[in-house]
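Inspection log for the structure reproduced underneath, given as structure tokens.
Taken together, the values in this text are just the output of simple stated rules run on the coordinates, not laboratory data. From a predicted model like this one, the values you see are computed outputs, not experimental measurements. Counting neighbours? That spans all protein chains shown, and the Cβs are built from the backbone with ideal geometry, glycine included.
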Amino acid sequence: MIEAKLQQALASFPDAKTIYIAYSSGLDSTALLLSAVRSLQTLKPTQSFCAIHVHHGLSSHADAWAEHCQAVCAEYQIPCIVERVQLDLKGKSLEQAAREARYAVFKRHVGTDDILLLAHHLDDQIETVLMRLIRETDSSLLAAIPHSRPMGLGHLVRPFLDLRRKDLEQYVQDQGVSWVEDESNRDLSITRNRIRHQVLPRLLAQSDSYVDDLVLLSKGHTRVNGSALRLAQAVLKHMHITNYANDHGISLTNLNLLAKREQTFLLRWWFISLGLAQPSERIFSRIWTEVLPAKSGSTPELMWGSIRLVRCFDALFIMDESSHSLNLQCGDDQSEIDFDLLNDQTIELRLWDEQSKRDRFGGRRKSEWAKRLFLTPWRKESAVFVFKEGQELGIFDVKRKVFIAKL
């Protein structure tokens, strides 16, 4: 049953190349690794498995866990990547910071058509629904954890979402393979752990049908949310603003035509459609108290986790700083720079901030260029003015290695 679930999930992605396994050394991911080992014969010659272990450095046992993962993978001849991360705790819980660091590692490795397998199961699904109910968050977030979704250039897949944890435990025990117990999973100061060890057992002690009821609730929200997302995307299509780098923005002129309730709906679904983490209610409310009322010409920003939301050019632009950009594809009409040209001693590069506000470049001040090109604050950081023997050549993005304006 366990292996069949994995093979069924992989069948939906026949073009997958490298199939990465998020392997923490715990019970769930051990079951995932073992099911992958026993599914090797079903792979195409062009496909392969590879485990990724993220070393968070939070436990005194972290080195031992990494060594355990490497030893198990070596036994089954599965490549294992161990990545050490540094957590950014600014304005975040430890759990959130660890998750962001973990997913940043995954995004770096998952390439075009690759798959990342995660071992979330039905118990995780139920815990998540209960957590969202307790936090009294927006009802749209009660939807079930998706079986799959795009992630970076590839896809994230969860093959075990219909299985109980006890099913995975029995499977691993039958294989005679050991796993690691993370002591933090017993820390009752963490909301999920309190739900797992205190709330959920009491619910199930009264009636095992509560599991089915919560799953039905979540699936019902998923169906409603699917319709809501399609509606929101149809509306957002007419509000969308983008620039040469395909940064994602929406027009404030159009957004302000709606009442606050509808604005809230659209912004929530905008974040969801981009696969971004939702802000807390406290941060979300600041959009209406700080960002939208700001004076024209100012660029107020909000941050939650690695997500950066900024108002500029009568629009809201958003990016995920953990991946630097939500879309790194340049437009077809962009010209790559001639690097031999830059080696020319007659070439001068002037940083965006070095150019005076009053100076004109190609007949326009830099504020006019910023508005014309929709240069968000993070694009200005890599924009330079290019001169050759005192003559203006254009504006160049040194990160993306492309001219964004040629004269």
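Here is how the numbers come out for the structure above:
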read-out	value
Cα-based Rg of region 14-67 normalised by 2.2 N^0.38 Å, two decimals	1.32
Charge sum, other residues only, whose C-beta stays under 10 Å from Gly26's C-beta, Lys/Arg counted +1 and Asp/Glu -1	-3
Convex hull volume per residue in cubic angstrom - Cα atoms of region 188-320	137 Å³
Nearest-ten-degree value, helix 165-175 long axis tilted from longest Cα axis of the chain	70 degrees
Over 16 Å [Cα-Cα, region 335-406], rounded percent	43 percent
Stokes-Einstein D (µm²/s) once Rh is taken as the Kirkwood radius of region 33-100 over alpha-carbon pairs, at 37 °C in 0.692 mPa s	237 µm²/s
Karplus (6.51, -1.76, 1.60) ³J(HN,Hα), θ = phi - 60°, over region 295-312, in Hz, Gly and Pro reported as x	5, 4, x, 7, 10, x, 10, 10, 10, 9, x, 9, 8, 10, 10, 9, 9, 7
Length released on extending from Lys371 to Thr289, taking residue separation times 0.36 nm less the Cα-Cα span	27.1 nm
Rg/Rg_ref, region 2-220, where Rg_ref = 2.2 N^0.38 Å and atoms are Cα	1.02
Integer Hz, Karplus 6.51/-1.76/1.60 couplings in order for region 211-227, x for Gly and Pro	4, 4, 5, 5, 5, 4, 4, 5, 5, x, 5, 4, 5, 4, 5, x, 5
Gaussian network model of the chain, springs between alpha carbon atoms under 10 Å - residue of Asp28, Asp359, Asp162 with greatest fluctuation	Asp359
Span from the region 196-212 Cα centroid across to the region 64-78 one, whole angstrom	35 Å
On Cα atoms only, tilt of 2-11 relative to the major axis of the chain in degrees	30 degrees
R0 of 41 Å, Cβ-Cβ distance Glu389-Ser296: FRET efficiency to nearest 0.05	0.60
Exposure proxy ranking, count of Cβ atoms within 10 Å, fewest first, for Leu33, Leu43	Leu43, Leu33
Max mean-square fluctuation residue, GNM over the chain, Cα-Cα springs under 10 Å, options Ser356, Ser227, Ser251	Ser356
DSSP bridge pairs, the chain: antiparallel proportion in percent, nearest 5	70 percent
Among beta bridges that DSSP assigns inside region 2-220, antiparallel share in %, nearest 5	20 percent
Span per principal axis, largest first, for the Cα atoms of the chain (Å)	75, 51, 40
Integer Hz, Karplus 6.51/-1.76/1.60 couplings in order for region 354-368, x for Gly and Pro	7, 7, 4, 4, 7, 5, 9, 10, x, x, 10, 6, 5, 5, 6
For Gly249, distant residues with modelled amide H under 5 Å away	Ile241
Distance between region 10-45 and region 252-292 - C-alpha centres, whole angstrom	38 Å
